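K.L.:
Handing you a structure now.
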Ligand code: THU
């Protein structure tokens, strides 16, 4: 499973988004260390604050399936003409379960891809500083 394939799976997952309010579909594909991939999409609600992002949805689904370790995450936003990075809430939740070097790829519809890491998206994270020792 390479990062291009993982990104394609994230784009496919975006088609399952429930986003009637924003009309902004997001898909996430989380590669687990057992080789499986858990995909998810954003799920909105008429009470807007209840919206769940694709990234958190994928992570929580994977954990609920018993996945313990994670290898990479791809996020695809086909309705954006620019690469969309994970929101602050998703960075915080992800950082609980992955280390600083964890690769994260994101892109929109214009073909630009950003390859980054958990540590770049959330530097000086105390949990990482403790767990990476
Ligand atoms: N969204 C995500 O699912 N992930 C992101 O990284 C950015 C935002 C969702 C939340 C909401 O359903 C829609 O995109 C617009 O913000």
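K.L.:
For the chain, what is the percent of antiparallel DSSP beta bridges, rounded to the nearest 5?
P.N.:
That works out to approximately 75 percent antiparallel.
K.L.:
Sequence gap at least 6, Cα distance under 8 Å: using those rules, report the relative contact order of region 1-106 to the nearest whole percent.
P.N.:
Working: 221 pairs, mean separation 29.3, N = 106.
After rounding, I find 28 percent.
K.L.:
Let me ask you something else. Hey, quick one: spin label on residue 5, modelled 7 Å out along Cα-Cβ, who in region 98-116 has an amide N within reach, i.e. under 12 Å?
P.N.:
Zone members listed by number: none at all.
K.L.:
Does region 71-133 come out rounded, prolate or oblate by the C-alpha gyration tensor, with a ≥ b ≥ c the root eigenvalues, rounded set by a/c under 1.5 and, if not, prolate when a/b is larger than b/c and oblate if not?
P.N.:
Cα axes put region 71-133 in the prolate bin.
K.L.:
Along its principal axes, what span do the Cα atoms of region 3-132 show, with the longest given first and each in whole Å?
P.N.:
Rounded to whole Å, the extents work out to 41, 32, 28 Å.
K.L.:
What length, rounded to one decimal in nm, is gained on full extension from residue 71 through to residue 24, with 0.36 nm per residue of separation minus their alpha-carbon distance?
P.N.:
Numbers: separation 47, 0.36 × 47 = 16.92 nm, distance 2.63 nm.
Separation in residues times 0.36 nm, less the Cα-Cα distance, equals 14.3 nm.
K.L.:
Related question: To the nearest 500 deg cm²/dmol, what mean residue ellipticity at 222 nm is calculated for the chain from DSSP H runs of n ≥ 4 alone, each contributing -39,500 (n - 2.57), summed and divided by the residues?
P.N.:
Taken over the chain, the calculation gives -8500 deg cm²/dmol.
We did not get these values from a lab; they are worked out from the coordinates using the rules stated. Predicted model, so just to flag it, every value in this text is computed and none were measured. With ideal geometry, Cβ positions are generated from the backbone for all residues, glycine too; neighbour counts draw on all protein chains shown.
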